[in-house]
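The values are calculated or read from the model by the stated rules, or taken from the named source; none is laboratory data. The structure presented is a predicted model; accordingly, all values stated were derived computationally and were not measured. All Cβ positions, glycine included, derive from the backbone under ideal geometry; neighbour counts span all protein chains shown. Each accessible area value is taken on the protein alone, full model and side chains, heavy atoms only, with ligands, DNA and RNA left out. Shrake-Rupley method; radii C 1.70, N 1.55, O 1.52, S 1.80 Å.
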Amino acid sequence: MSAIGTALLELTKETKIAYFSMEIGVHNDIPTYSGGLGVLAGDTIRSAADLRLPLVAVTLLTKKGYFTQDIDGAGWQTEHATVWDPAAYMQVLPYQVIVQIEGRDVVVQAWLYTVQSLTGGSVPVFFLDTDLPANSAADRDITSSLYGGDQVYRLKQEIVLGIGGVRMLHAMGFEVRKYHMNEGHASLLTLELLNRFKKPIEDVWDEKLVWDRKSVKDLCVFTTHTPVEAGHDKFPYDMVAKVMGEVIPISTLQDLAGKDYLNLTMLALNLTRYVNGVAKKHGQVSQSMFPGYEIHAITNGVHSFTWTSEYFKALYDEYLPGWANEPELFVRVGRIPDEKLWDAHMGAKNHLISYIREKTGAEFSPDIFTIGFARRATAYKRADLLFRDLERFERIGSGKIQLVYAGKAHPKDEAGKKLIQNIYNYQERLKGKINIVYLKNYNMDISLKIVSGVDVWLNTPLRPLEASGTSGMKATHNGVMNFSVLDGWWIEGHIEGYTGWAIGPPPHELTPGADADARDSEDLYCKLEDTILPLYYNSRHTWIRMMQNAIGKNAYYFNTHRMMRRYVTEAYIR
Ligand SMILES: *Cc1c(COP(=O)(O)O)cnc(C)c1O
(Lines give C-alpha, C1' and ligand atoms only; values in the text may rest on other atoms or scores of the structure.)
Protein backbone atom coordinates (compact mmCIF):
# COMPACT_ATOMS: atom_id res chain seq x y z
CA MET A 1 0.00 0.00 0.00
CA SER A 2 1.18 3.54 -0.78
CA ALA A 3 2.36 5.81 2.03
CA ILE A 4 -0.71 7.94 1.61
CA GLY A 5 -2.95 4.89 1.73
CA THR A 6 -1.35 3.78 4.99
CA ALA A 7 -1.71 7.26 6.44
CA LEU A 8 -5.40 7.34 5.53
CA LEU A 9 -5.97 3.90 6.95
CA GLU A 10 -4.54 5.17 10.21
CA LEU A 11 -6.89 8.15 10.10
CA THR A 12 -10.01 6.08 9.56
CA LYS A 13 -9.47 3.98 12.67
CA GLU A 14 -11.32 6.42 14.87
CA THR A 15 -14.82 7.82 14.23
CA LYS A 16 -14.67 11.47 13.24
CA ILE A 17 -16.43 14.77 13.40
CA ALA A 18 -16.67 15.88 9.75
CA TYR A 19 -16.53 19.68 9.46
CA PHE A 20 -17.86 21.04 6.16
CA SER A 21 -17.19 24.59 5.03
CA MET A 22 -17.42 26.29 1.64
CA GLU A 23 -14.25 28.23 2.47
CA ILE A 24 -11.37 27.46 4.79
CA GLY A 25 -8.35 29.65 5.52
CA VAL A 26 -5.79 27.00 6.42
CA HIS A 27 -2.80 29.02 5.29
CA ASN A 28 -2.28 32.59 4.07
CA ASP A 29 -1.10 31.47 0.63
CA ILE A 30 -3.86 28.94 0.02
CA PRO A 31 -6.42 31.45 -1.23
CA THR A 32 -9.53 29.32 -0.68
CA TYR A 33 -11.06 31.81 1.74
CA SER A 34 -12.68 35.19 1.35
CA GLY A 35 -13.06 36.48 4.87
CA GLY A 36 -14.46 35.87 8.32
CA LEU A 37 -16.22 32.58 7.60
CA GLY A 38 -13.14 30.93 6.12
CA VAL A 39 -10.74 32.30 8.71
CA LEU A 40 -13.05 31.04 11.45
CA ALA A 41 -13.06 27.61 9.78
CA GLY A 42 -9.26 27.64 9.71
CA ASP A 43 -9.08 28.67 13.37
CA THR A 44 -11.59 25.94 14.27
CA ILE A 45 -9.37 23.36 12.59
CA ARG A 46 -6.16 24.71 14.15
CA SER A 47 -7.69 24.50 17.63
CA ALA A 48 -9.07 21.02 16.91
CA ALA A 49 -5.55 19.92 15.96
CA ASP A 50 -4.04 21.47 19.11
CA LEU A 51 -6.70 19.81 21.27
CA ARG A 52 -6.22 16.52 19.41
CA LEU A 53 -9.91 16.29 18.55
CA PRO A 54 -10.94 13.58 16.09
CA LEU A 55 -11.94 16.01 13.34
CA VAL A 56 -11.64 15.99 9.55
CA ALA A 57 -12.59 18.90 7.30
CA VAL A 58 -14.07 19.11 3.81
CA THR A 59 -14.03 22.13 1.51
CA LEU A 60 -13.60 23.11 -2.16
CA LEU A 61 -10.25 23.57 -3.87
CA THR A 62 -11.17 26.84 -5.68
CA LYS A 63 -8.14 26.95 -7.97
CA LYS A 64 -8.66 30.59 -8.88
CA GLY A 65 -9.16 31.51 -5.23
CA TYR A 66 -11.46 34.37 -4.31
CA PHE A 67 -9.66 37.08 -6.31
CA THR A 68 -6.63 39.33 -6.26
CA GLN A 69 -7.50 42.94 -5.58
CA ASP A 70 -6.16 45.83 -7.65
CA ILE A 71 -7.10 49.41 -6.85
CA ASP A 72 -6.49 52.04 -9.53
CA GLY A 73 -5.35 55.63 -9.01
CA ALA A 74 -8.96 56.74 -8.64
CA GLY A 75 -9.56 54.27 -5.82
CA TRP A 76 -11.65 51.87 -7.90
CA GLN A 77 -11.25 48.14 -7.20
CA THR A 78 -10.74 45.68 -10.05
CA GLU A 79 -10.14 41.96 -9.74
CA HIS A 80 -8.15 39.19 -11.33
CA ALA A 81 -7.93 35.47 -10.65
CA THR A 82 -5.39 34.38 -8.07
CA VAL A 83 -2.95 31.86 -9.46
CA TRP A 84 -1.68 29.21 -7.09
CA ASP A 85 -0.42 25.67 -7.30
CA PRO A 86 -2.22 23.16 -5.05
CA ALA A 87 0.62 20.66 -5.52
CA ALA A 88 2.94 23.01 -3.66
CA TYR A 89 0.92 22.52 -0.47
CA MET A 90 -1.09 19.31 -0.74
CA GLN A 91 -1.28 15.86 -2.19
CA VAL A 92 -3.87 14.51 -4.58
CA LEU A 93 -5.51 11.34 -3.25
CA PRO A 94 -6.22 8.14 -5.15
CA TYR A 95 -10.00 8.36 -4.65
CA GLN A 96 -12.68 9.60 -6.99
CA VAL A 97 -16.42 9.88 -6.50
CA ILE A 98 -19.20 10.86 -8.86
CA VAL A 99 -22.02 13.36 -8.44
CA GLN A 100 -24.87 13.97 -10.89
CA ILE A 101 -25.09 17.49 -12.23
CA GLU A 102 -27.50 18.40 -15.06
CA GLY A 103 -27.86 14.69 -15.66
CA ARG A 104 -24.14 14.18 -16.23
CA ASP A 105 -21.71 12.23 -14.13
CA VAL A 106 -19.17 14.66 -12.72
CA VAL A 107 -16.00 13.16 -11.29
CA VAL A 108 -14.66 14.64 -8.06
CA GLN A 109 -11.21 14.08 -6.60
CA ALA A 110 -9.73 15.25 -3.30
CA TRP A 111 -6.47 16.82 -2.20
CA LEU A 112 -5.14 16.36 1.28
CA TYR A 113 -3.69 19.15 3.38
CA THR A 114 -2.77 18.31 6.94
CA VAL A 115 -2.96 20.90 9.69
CA GLN A 116 -0.26 19.81 12.09
CA SER A 117 -0.13 21.06 15.66
CA LEU A 118 2.93 21.36 17.87
CA THR A 119 1.00 19.26 20.40
CA GLY A 120 1.19 16.28 18.03
CA GLY A 121 -2.45 16.53 17.01
CA SER A 122 -3.41 16.94 13.35
CA VAL A 123 -6.50 17.51 11.23
CA PRO A 124 -6.75 16.37 7.61
CA VAL A 125 -8.47 18.85 5.30
CA PHE A 126 -9.90 17.45 2.06
CA PHE A 127 -10.13 19.92 -0.81
CA LEU A 128 -12.63 18.70 -3.42
CA ASP A 129 -11.71 19.29 -7.05
CA THR A 130 -13.55 18.68 -10.34
CA ASP A 131 -10.68 19.76 -12.61
CA LEU A 132 -10.19 16.32 -14.17
CA PRO A 133 -9.84 15.28 -17.84
CA ALA A 134 -12.91 13.03 -17.49
CA ASN A 135 -15.10 16.12 -16.99
CA SER A 136 -16.31 18.64 -19.58
CA ALA A 137 -14.65 22.06 -19.59
CA ALA A 138 -17.62 23.62 -17.76
CA ASP A 139 -17.63 20.90 -15.12
CA ARG A 140 -13.88 21.23 -14.62
CA ASP A 141 -14.57 24.84 -13.73
CA ILE A 142 -17.06 24.07 -10.92
CA THR A 143 -14.44 24.25 -8.20
CA SER A 144 -12.57 27.25 -9.70
CA SER A 145 -13.81 30.40 -8.02
CA LEU A 146 -15.00 31.05 -4.51
CA TYR A 147 -18.33 32.94 -4.56
CA GLY A 148 -17.95 33.54 -8.31
CA GLY A 149 -20.48 32.89 -11.05
CA ASP A 150 -24.25 32.83 -10.90
CA GLN A 151 -26.83 30.91 -8.88
CA VAL A 152 -26.51 27.81 -11.04
CA TYR A 153 -22.75 27.83 -10.48
CA ARG A 154 -23.28 28.17 -6.74
CA LEU A 155 -25.73 25.28 -6.67
CA LYS A 156 -23.26 23.08 -8.56
CA GLN A 157 -20.54 23.92 -6.05
CA GLU A 158 -22.88 23.10 -3.20
CA ILE A 159 -23.71 19.73 -4.74
CA VAL A 160 -20.00 18.94 -4.98
CA LEU A 161 -19.37 20.11 -1.42
CA GLY A 162 -22.36 18.49 0.30
CA ILE A 163 -23.13 15.38 -1.69
CA GLY A 164 -19.63 14.87 -3.13
CA GLY A 165 -18.08 15.49 0.29
CA VAL A 166 -20.09 12.79 2.05
CA ARG A 167 -19.37 10.34 -0.77
CA MET A 168 -15.67 11.12 -0.62
CA LEU A 169 -15.42 10.52 3.12
CA HIS A 170 -17.31 7.28 2.64
CA ALA A 171 -15.05 6.18 -0.23
CA MET A 172 -12.01 6.81 1.94
CA GLY A 173 -13.45 4.63 4.67
CA PHE A 174 -14.29 7.23 7.31
CA GLU A 175 -16.89 6.54 9.89
CA VAL A 176 -18.46 9.84 10.83
CA ARG A 177 -20.17 10.44 14.14
CA LYS A 178 -21.22 14.04 13.48
CA TYR A 179 -21.46 16.20 10.40
CA HIS A 180 -20.90 19.85 11.27
CA MET A 181 -22.17 22.29 8.64
CA ASN A 182 -20.37 25.61 8.92
CA GLU A 183 -23.12 27.78 7.38
CA GLY A 184 -25.90 26.54 5.07
CA HIS A 185 -23.68 26.10 1.98
CA ALA A 186 -22.96 22.51 2.98
CA SER A 187 -26.50 21.46 3.84
CA LEU A 188 -27.13 19.36 0.73
CA LEU A 189 -25.10 16.77 2.61
CA THR A 190 -28.27 15.99 4.56
CA LEU A 191 -29.90 14.70 1.37
CA GLU A 192 -27.04 12.32 0.77
CA LEU A 193 -27.39 11.13 4.37
CA LEU A 194 -31.14 10.59 3.98
CA ASN A 195 -30.41 8.40 0.99
CA ARG A 196 -27.27 6.71 2.20
CA PHE A 197 -28.04 5.57 5.68
CA LYS A 198 -31.74 4.80 5.61
CA LYS A 199 -32.88 3.69 2.19
CA PRO A 200 -36.53 4.58 1.83
CA ILE A 201 -38.99 1.96 0.67
CA GLU A 202 -40.42 2.96 -2.70
CA ASP A 203 -44.11 3.28 -1.99
CA VAL A 204 -44.07 4.60 1.54
CA TRP A 205 -41.63 7.47 1.09
CA ASP A 206 -43.13 9.90 3.52
CA GLU A 207 -43.83 7.56 6.33
CA LYS A 208 -40.38 6.08 6.09
CA LEU A 209 -38.73 9.48 5.86
CA VAL A 210 -40.22 10.72 9.12
CA TRP A 211 -38.17 8.04 10.77
CA ASP A 212 -35.22 8.73 8.52
CA ARG A 213 -35.14 12.36 9.48
CA LYS A 214 -34.49 11.50 13.08
CA SER A 215 -31.39 9.45 12.24
CA VAL A 216 -30.03 12.20 10.02
CA LYS A 217 -30.81 14.85 12.64
CA ASP A 218 -28.90 12.93 15.27
CA LEU A 219 -25.86 13.02 13.01
CA CYS A 220 -25.91 16.73 12.20
CA VAL A 221 -24.78 19.98 13.77
CA PHE A 222 -25.48 23.29 12.05
CA THR A 223 -23.90 26.68 12.69
CA THR A 224 -25.72 29.59 11.08
CA HIS A 225 -23.80 32.80 10.43
CA THR A 226 -26.20 35.12 8.66
CA PRO A 227 -28.53 37.47 10.56
CA VAL A 228 -30.50 38.56 7.46
CA GLU A 229 -33.04 36.66 5.42
CA ALA A 230 -31.46 37.71 2.08
CA GLY A 231 -28.14 36.21 3.08
CA HIS A 232 -29.37 32.62 2.92
CA ASP A 233 -28.87 30.62 -0.29
CA LYS A 234 -32.18 29.94 -2.07
CA PHE A 235 -32.80 28.19 -5.37
CA PRO A 236 -36.03 27.93 -7.40
CA TYR A 237 -37.19 24.33 -7.72
CA ASP A 238 -37.11 24.32 -11.54
CA MET A 239 -33.41 25.15 -11.31
CA VAL A 240 -32.93 22.49 -8.68
CA ALA A 241 -34.68 19.89 -10.83
CA LYS A 242 -32.52 20.78 -13.82
CA VAL A 243 -29.18 20.98 -12.02
CA MET A 244 -29.46 18.50 -9.18
CA GLY A 245 -32.25 16.23 -10.37
CA GLU A 246 -34.43 14.31 -7.94
CA VAL A 247 -32.10 13.34 -5.13
CA ILE A 248 -35.18 12.83 -2.98
CA PRO A 249 -38.78 13.32 -4.22
CA ILE A 250 -39.47 17.00 -4.81
CA SER A 251 -42.53 17.05 -2.51
CA THR A 252 -40.41 15.74 0.37
CA LEU A 253 -37.71 18.25 -0.43
CA GLN A 254 -40.29 21.06 -0.37
CA ASP A 255 -41.43 19.84 2.98
CA LEU A 256 -37.90 20.05 4.32
CA ALA A 257 -36.48 23.07 2.53
CA GLY A 258 -39.39 25.40 1.77
CA LYS A 259 -42.39 25.38 -0.58
CA ASP A 260 -41.26 27.92 -3.18
CA TYR A 261 -37.48 27.81 -3.00
CA LEU A 262 -34.93 25.32 -1.85
CA ASN A 263 -33.62 27.25 1.12
CA LEU A 264 -30.39 25.69 2.35
CA THR A 265 -30.78 27.15 5.82
CA MET A 266 -34.28 25.68 6.19
CA LEU A 267 -32.97 22.33 5.00
CA ALA A 268 -30.21 22.40 7.59
CA LEU A 269 -32.61 23.52 10.35
CA ASN A 270 -35.00 20.68 9.59
CA LEU A 271 -32.34 18.00 9.53
CA THR A 272 -30.17 19.01 12.45
CA ARG A 273 -30.41 18.21 16.14
CA TYR A 274 -28.12 20.99 17.35
CA VAL A 275 -28.28 24.45 15.79
CA ASN A 276 -26.32 27.47 16.95
CA GLY A 277 -25.61 31.10 16.19
CA VAL A 278 -22.12 32.56 16.57
CA ALA A 279 -22.67 35.02 19.45
CA LYS A 280 -25.36 35.34 22.12
CA LYS A 281 -27.11 38.20 20.34
CA HIS A 282 -26.89 36.41 16.99
CA GLY A 283 -28.46 33.34 18.59
CA GLN A 284 -31.43 35.50 19.62
CA VAL A 285 -31.69 37.18 16.23
CA SER A 286 -31.63 33.77 14.53
CA GLN A 287 -34.20 32.46 16.97
CA SER A 288 -36.61 35.26 16.03
CA MET A 289 -35.95 34.65 12.32
CA PHE A 290 -36.75 30.95 12.70
CA PRO A 291 -39.42 30.52 15.36
CA GLY A 292 -40.17 26.91 16.13
CA TYR A 293 -36.52 25.81 16.06
CA GLU A 294 -34.31 25.71 19.11
CA ILE A 295 -31.27 27.83 18.38
CA HIS A 296 -28.34 27.88 20.78
CA ALA A 297 -25.36 30.20 20.81
CA ILE A 298 -21.66 29.42 20.91
CA THR A 299 -19.71 32.63 20.59
CA ASN A 300 -16.87 32.54 18.07
CA GLY A 301 -13.22 32.81 18.92
CA VAL A 302 -9.87 33.07 17.17
CA HIS A 303 -6.87 30.75 17.28
CA SER A 304 -4.65 32.38 19.88
CA PHE A 305 -1.27 31.27 18.52
CA THR A 306 -2.12 32.26 14.92
CA TRP A 307 -3.37 35.72 15.86
CA THR A 308 -0.65 36.79 18.24
CA SER A 309 2.28 38.77 16.78
CA GLU A 310 5.87 37.59 17.25
CA TYR A 311 6.36 40.38 19.77
CA PHE A 312 3.55 39.23 22.03
CA LYS A 313 4.35 35.55 21.53
CA ALA A 314 7.80 36.19 23.02
CA LEU A 315 6.25 38.09 25.91
CA TYR A 316 3.66 35.40 26.67
CA ASP A 317 6.26 32.64 26.37
CA GLU A 318 8.29 34.39 29.02
CA TYR A 319 5.54 35.29 31.49
CA LEU A 320 2.68 32.89 30.70
CA PRO A 321 4.33 29.69 29.45
CA GLY A 322 1.82 27.25 27.98
CA TRP A 323 -0.55 30.08 26.94
CA ALA A 324 -0.96 28.92 23.34
CA ASN A 325 -2.66 25.68 24.23
CA GLU A 326 -4.28 27.07 27.36
CA PRO A 327 -5.40 30.64 26.66
CA GLU A 328 -7.01 30.70 30.13
CA LEU A 329 -3.51 31.57 31.32
CA PHE A 330 -4.16 35.09 30.04
CA VAL A 331 -5.92 35.56 33.38
CA ARG A 332 -2.40 36.08 34.78
CA VAL A 333 -1.55 38.90 32.36
CA GLY A 334 -0.85 41.17 35.35
CA ARG A 335 2.49 39.38 35.75
CA ILE A 336 3.81 41.13 32.66
CA PRO A 337 5.63 44.38 33.58
CA ASP A 338 4.08 47.51 32.04
CA GLU A 339 7.18 48.56 30.14
CA LYS A 340 7.55 45.08 28.58
CA LEU A 341 3.94 45.15 27.44
CA TRP A 342 4.45 48.59 25.93
CA ASP A 343 7.72 47.56 24.24
CA ALA A 344 6.03 44.56 22.64
CA HIS A 345 3.26 46.82 21.40
CA MET A 346 5.75 49.30 19.96
CA GLY A 347 7.57 46.41 18.26
CA ALA A 348 4.37 45.40 16.51
CA LYS A 349 3.51 49.01 15.69
CA ASN A 350 6.92 49.69 14.14
CA HIS A 351 6.64 46.47 12.16
CA LEU A 352 3.34 47.67 10.69
CA ILE A 353 4.80 51.10 10.00
CA SER A 354 7.68 49.61 7.98
CA TYR A 355 5.22 47.43 6.08
CA ILE A 356 3.13 50.52 5.24
CA ARG A 357 6.24 52.38 4.08
CA GLU A 358 7.32 49.43 1.91
CA LYS A 359 3.89 48.98 0.29
CA THR A 360 2.68 52.56 -0.06
CA GLY A 361 5.61 54.88 0.61
CA ALA A 362 3.58 56.59 3.34
CA GLU A 363 5.44 57.68 6.48
CA PHE A 364 3.56 56.83 9.64
CA SER A 365 4.81 57.90 13.05
CA PRO A 366 5.15 55.47 15.96
CA ASP A 367 4.18 58.30 18.31
CA ILE A 368 0.82 59.08 16.74
CA PHE A 369 -2.38 57.37 17.83
CA THR A 370 -3.27 54.82 15.16
CA ILE A 371 -6.69 53.38 14.38
CA GLY A 372 -7.14 50.16 12.37
CA PHE A 373 -10.14 49.15 10.28
CA ALA A 374 -9.88 46.06 8.07
CA ARG A 375 -12.64 43.76 6.96
CA ARG A 376 -14.83 43.00 3.96
CA ALA A 377 -15.76 46.28 2.25
CA THR A 378 -19.53 46.17 2.27
CA ALA A 379 -22.16 48.79 3.05
CA TYR A 380 -23.34 47.61 6.48
CA LYS A 381 -19.82 47.72 7.92
CA ARG A 382 -19.78 51.51 7.31
CA ALA A 383 -16.03 51.89 6.77
CA ASP A 384 -16.51 55.62 6.16
CA LEU A 385 -18.56 56.45 9.27
CA LEU A 386 -15.50 58.18 10.72
CA PHE A 387 -15.72 60.78 7.92
CA ARG A 388 -19.40 61.59 8.24
CA ASP A 389 -18.58 65.09 9.51
CA LEU A 390 -15.29 65.74 7.81
CA GLU A 391 -14.56 69.10 9.38
CA ARG A 392 -15.21 67.81 12.85
CA PHE A 393 -13.04 64.77 12.30
CA GLU A 394 -10.27 66.96 10.94
CA ARG A 395 -10.48 69.24 13.97
CA ILE A 396 -10.36 66.29 16.41
CA GLY A 397 -7.67 64.33 14.66
CA SER A 398 -5.34 66.73 12.87
CA GLY A 399 -1.78 65.79 13.80
CA LYS A 400 -3.12 63.32 16.36
CA ILE A 401 -4.58 60.42 14.40
CA GLN A 402 -3.37 58.00 11.71
CA LEU A 403 -5.63 55.49 9.98
CA VAL A 404 -4.93 52.09 8.43
CA TYR A 405 -7.55 50.49 6.20
CA ALA A 406 -7.77 47.22 4.26
CA GLY A 407 -10.46 45.00 2.81
CA LYS A 408 -11.84 43.59 -0.44
CA ALA A 409 -15.30 44.26 -1.83
CA HIS A 410 -17.09 41.33 -3.50
CA PRO A 411 -16.71 41.83 -7.30
CA LYS A 412 -20.47 42.41 -7.63
CA ASP A 413 -20.78 44.69 -4.59
CA GLU A 414 -20.79 48.17 -6.17
CA ALA A 415 -21.60 49.84 -2.85
CA GLY A 416 -18.62 48.09 -1.28
CA LYS A 417 -16.34 49.33 -4.06
CA LYS A 418 -17.72 52.82 -3.60
CA LEU A 419 -16.72 52.66 0.07
CA ILE A 420 -13.11 51.92 -0.86
CA GLN A 421 -13.17 54.81 -3.32
CA ASN A 422 -14.59 57.15 -0.67
CA ILE A 423 -11.71 56.34 1.62
CA TYR A 424 -9.25 57.10 -1.19
CA ASN A 425 -10.95 60.47 -1.60
CA TYR A 426 -10.78 61.26 2.12
CA GLN A 427 -7.12 60.31 2.03
CA GLU A 428 -6.55 63.11 -0.51
CA ARG A 429 -8.74 65.60 1.32
CA LEU A 430 -6.98 65.08 4.66
CA LYS A 431 -3.44 64.96 3.29
CA GLY A 432 -0.88 66.56 5.61
CA LYS A 433 -3.35 66.49 8.50
CA ILE A 434 -4.50 62.94 9.05
CA ASN A 435 -2.42 60.21 7.45
CA ILE A 436 -4.56 57.46 5.86
CA VAL A 437 -3.50 54.32 3.98
CA TYR A 438 -5.53 51.64 2.27
CA LEU A 439 -3.55 48.39 2.10
CA LYS A 440 -4.42 46.22 -0.91
CA ASN A 441 -5.21 42.53 -0.96
CA TYR A 442 -6.28 42.04 2.61
CA ASN A 443 -5.38 38.51 3.72
CA MET A 444 -4.46 36.67 6.90
CA ASP A 445 -0.86 37.95 6.97
CA ILE A 446 -1.89 41.56 6.52
CA SER A 447 -4.63 41.09 9.08
CA LEU A 448 -2.14 40.03 11.75
CA LYS A 449 0.09 43.01 10.95
CA ILE A 450 -2.78 45.48 11.30
CA VAL A 451 -4.61 44.01 14.30
CA SER A 452 -1.36 43.91 16.28
CA GLY A 453 0.23 47.13 15.03
CA VAL A 454 -2.48 49.73 15.69
CA ASP A 455 -3.50 51.31 19.01
CA VAL A 456 -7.24 50.85 18.71
CA TRP A 457 -9.39 48.55 16.60
CA LEU A 458 -12.48 50.22 15.16
CA ASN A 459 -15.69 48.46 14.12
CA THR A 460 -18.83 50.27 13.03
CA PRO A 461 -21.36 47.73 11.72
CA LEU A 462 -25.03 48.62 11.42
CA ARG A 463 -26.76 46.58 14.12
CA PRO A 464 -27.77 43.70 14.18
CA LEU A 465 -25.89 42.75 11.01
CA GLU A 466 -22.55 41.73 12.54
CA ALA A 467 -23.27 38.13 13.55
CA SER A 468 -20.08 37.92 15.57
CA GLY A 469 -17.01 39.55 14.01
CA THR A 470 -13.62 38.09 14.82
CA SER A 471 -10.93 40.61 13.85
CA GLY A 472 -11.55 42.50 17.11
CA MET A 473 -10.76 39.31 19.02
CA LYS A 474 -7.45 39.09 17.16
CA ALA A 475 -6.65 42.65 18.26
CA THR A 476 -7.22 41.78 21.94
CA HIS A 477 -4.61 39.01 21.71
CA ASN A 478 -2.11 41.78 21.01
CA GLY A 479 -3.22 44.13 23.74
CA VAL A 480 -5.19 46.29 21.29
CA MET A 481 -8.50 47.65 22.58
CA ASN A 482 -11.75 47.66 20.65
CA PHE A 483 -13.79 50.76 19.97
CA SER A 484 -16.97 49.36 18.46
CA VAL A 485 -20.68 49.35 17.97
CA LEU A 486 -22.38 47.01 20.46
CA ASP A 487 -23.15 44.14 18.12
CA GLY A 488 -21.93 40.55 17.75
CA TRP A 489 -19.16 39.46 20.12
CA TRP A 490 -18.46 42.96 21.44
CA ILE A 491 -21.71 42.94 23.42
CA GLU A 492 -20.14 40.14 25.44
CA GLY A 493 -16.58 41.48 25.53
CA HIS A 494 -17.20 45.15 26.22
CA ILE A 495 -16.79 46.76 29.63
CA GLU A 496 -16.79 50.52 29.09
CA GLY A 497 -13.49 52.20 29.85
CA TYR A 498 -12.09 48.87 31.02
CA THR A 499 -11.74 46.52 28.02
CA GLY A 500 -12.46 49.22 25.44
CA TRP A 501 -15.27 51.55 24.39
CA ALA A 502 -18.71 51.28 22.83
CA ILE A 503 -20.04 53.34 19.93
CA GLY A 504 -23.72 54.23 19.99
CA PRO A 505 -26.64 52.94 22.02
CA PRO A 506 -26.80 49.80 24.20
CA PRO A 507 -27.62 46.54 22.44
CA HIS A 508 -31.15 46.09 23.81
CA GLU A 509 -32.38 48.63 21.25
CA LEU A 510 -33.05 46.00 18.64
CA THR A 511 -33.34 47.82 15.33
CA PRO A 512 -31.50 51.06 14.75
CA GLY A 513 -33.57 53.92 13.35
CA ALA A 514 -32.87 55.89 10.20
CA ASP A 515 -30.72 58.18 12.33
CA ALA A 516 -28.27 55.40 13.25
CA ASP A 517 -25.39 56.93 11.28
CA ALA A 518 -25.90 60.32 12.90
CA ARG A 519 -26.16 58.93 16.42
CA ASP A 520 -23.29 56.50 16.10
CA SER A 521 -20.91 59.03 14.54
CA GLU A 522 -21.80 61.62 17.19
CA ASP A 523 -20.83 59.17 19.91
CA LEU A 524 -17.73 58.15 18.00
CA TYR A 525 -16.47 61.75 17.76
CA CYS A 526 -17.28 62.58 21.38
CA LYS A 527 -15.49 59.56 22.80
CA LEU A 528 -12.49 59.99 20.55
CA GLU A 529 -12.08 63.62 21.51
CA ASP A 530 -13.00 63.54 25.20
CA THR A 531 -11.88 60.11 26.33
CA ILE A 532 -9.67 58.08 24.03
CA LEU A 533 -7.20 60.64 22.68
CA PRO A 534 -6.57 62.29 26.07
CA LEU A 535 -6.06 58.87 27.64
CA TYR A 536 -3.63 57.78 24.95
CA TYR A 537 -1.54 60.94 25.04
CA ASN A 538 -1.70 61.82 28.76
CA SER A 539 -2.32 58.66 30.80
CA ARG A 540 -0.01 55.95 29.57
CA HIS A 541 -0.36 54.04 32.83
CA THR A 542 -4.17 53.75 32.56
CA TRP A 543 -3.81 52.95 28.89
CA ILE A 544 -1.56 50.00 29.68
CA ARG A 545 -4.05 48.79 32.35
CA MET A 546 -6.66 48.68 29.61
CA MET A 547 -4.30 46.77 27.32
CA GLN A 548 -3.95 44.21 30.10
CA ASN A 549 -7.72 43.98 30.41
CA ALA A 550 -8.09 43.41 26.68
CA ILE A 551 -5.79 40.40 27.08
CA GLY A 552 -6.95 39.17 30.49
CA LYS A 553 -10.70 39.59 29.90
CA ASN A 554 -11.15 39.40 26.12
CA ALA A 555 -8.41 37.20 24.65
CA TYR A 556 -8.85 34.98 27.72
CA TYR A 557 -12.36 34.14 26.51
CA PHE A 558 -12.67 34.89 22.78
CA ASN A 559 -10.46 32.11 21.46
CA THR A 560 -11.28 28.95 19.48
CA HIS A 561 -9.91 26.65 22.19
CA ARG A 562 -12.79 27.71 24.45
CA MET A 563 -15.16 27.63 21.47
CA MET A 564 -14.15 24.08 20.46
CA ARG A 565 -14.50 22.80 24.00
CA ARG A 566 -18.06 24.08 23.94
CA TYR A 567 -18.78 22.50 20.56
CA VAL A 568 -17.49 19.21 21.93
CA THR A 569 -19.52 19.21 25.12
CA GLU A 570 -22.70 20.84 23.78
CA ALA A 571 -22.92 19.75 20.15
CA TYR A 572 -20.61 16.84 19.28
CA ILE A 573 -21.04 14.55 22.28
CA ARG A 574 -24.80 14.20 22.58
C1 LIG B 1 -10.21 37.87 10.60
C2 LIG B 1 -10.38 38.14 9.17
C3 LIG B 1 -11.64 38.52 8.67
C4 LIG B 1 -12.85 38.66 9.56
O5 LIG B 1 -12.94 39.94 10.15
P6 LIG B 1 -14.31 40.45 10.75
O7 LIG B 1 -13.96 41.46 11.74
O8 LIG B 1 -14.99 39.27 11.38
O9 LIG B 1 -15.11 41.00 9.64
C10 LIG B 1 -11.76 38.76 7.32
N11 LIG B 1 -10.71 38.63 6.49
C12 LIG B 1 -9.48 38.27 6.93
C13 LIG B 1 -8.36 38.14 5.96
C14 LIG B 1 -9.28 38.02 8.28
O15 LIG B 1 -8.05 37.64 8.71
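The fraction of all Cα pairs in the chain landing in successive 10 Å bins from 0 to the largest distance is 3, 17, 28, 26, 16, 7, 2, 0, given as whole percents.
Over all directions, the average projected area of the alpha-carbon convex hull for segment 1-153 comes to how many nm²?
With every direction weighted equally, the projected area is 11.1 nm².
Compute the longest continuous run of the chain that contains no exposed GluC sites (Glu not before Pro); treat a site as exposed when its DSSP state is not H, G, I, E or B and it has at most 16 other Cβ atoms within 10 Å.
Working: sites that count: Glu14, Glu102, Glu175, Glu246, Glu294, Glu363, Glu509.
My reading of the result: 364-508 is the longest stretch.
Entry for segment 310-559 at q = 0.07, 0.13, 0.17 Å⁻¹: log10 I(q)/I(0) = -0.21, -0.78, -1.39, Debye formula applied to identical alpha-carbon scatterers, no solvent contribution. Heavy-atom accessible surface of segment 310-559, averaged per residue, reaches 38 Å², computed with a 1.4 Å probe. Measuring against 23 Å, Cα to Cα, the residue pairs Lys381/Lys440; Lys178/Lys553; Lys412/Lys440 contain Lys178/Lys553 as the ones spanning a longer distance.
May I ask you to work out the translational diffusion coefficient for segment 1-83 at 25 °C, viscosity 0.890 mPa s, via Stokes-Einstein with Rh from the Kirkwood sum over Cα pairs, reported in whole µm²/s? Working shown, then result.
Working: Rh = 14.9 Å.
For these conditions, the coefficient is 164 µm²/s.
If you sort Asp131, Asp487 by accessible surface, 1.4 Å probe, largest first, the order is Asp131, Asp487. Across segment 405-421, computed HN-Hα scalar couplings (Karplus, 6.51 cos²θ - 1.76 cosθ + 1.60, θ = phi - 60°) run 10, 7, x, 9, 9, 4, x, 9, 8, 4, 5, x, 5, 4, 4, 4, 5 Hz from first to last residue, x flagging Gly and Pro. Between the amide H of Ala409 and those of Ala377, distances stay under 5 Å, these residues lying 5 or more places away or on another chain, with hydrogens modeled in the peptide plane.
What accessible area per residue comes out for segment 108-201, rounded to a whole number of Å², with a 1.4 Å probe?
Accessible surface, normalised per residue, equals 31 Å².
Heavy-atom accessible surface of Asp523, to the nearest 10 Å², is about 40 Å², with a 1.4 Å probe and all protein chains retained. For the chain, the share of DSSP beta bridges that are antiparallel, to the nearest 5, is 35%.
Give me the percent of accessible area attributable to carbon and sulfur for segment 310-559, probe 1.4 angstrom. Mind showing how you got there, number by number?
Numbers: 4720 of 9470 Å².
It is 50 percent, rounded to a whole number.
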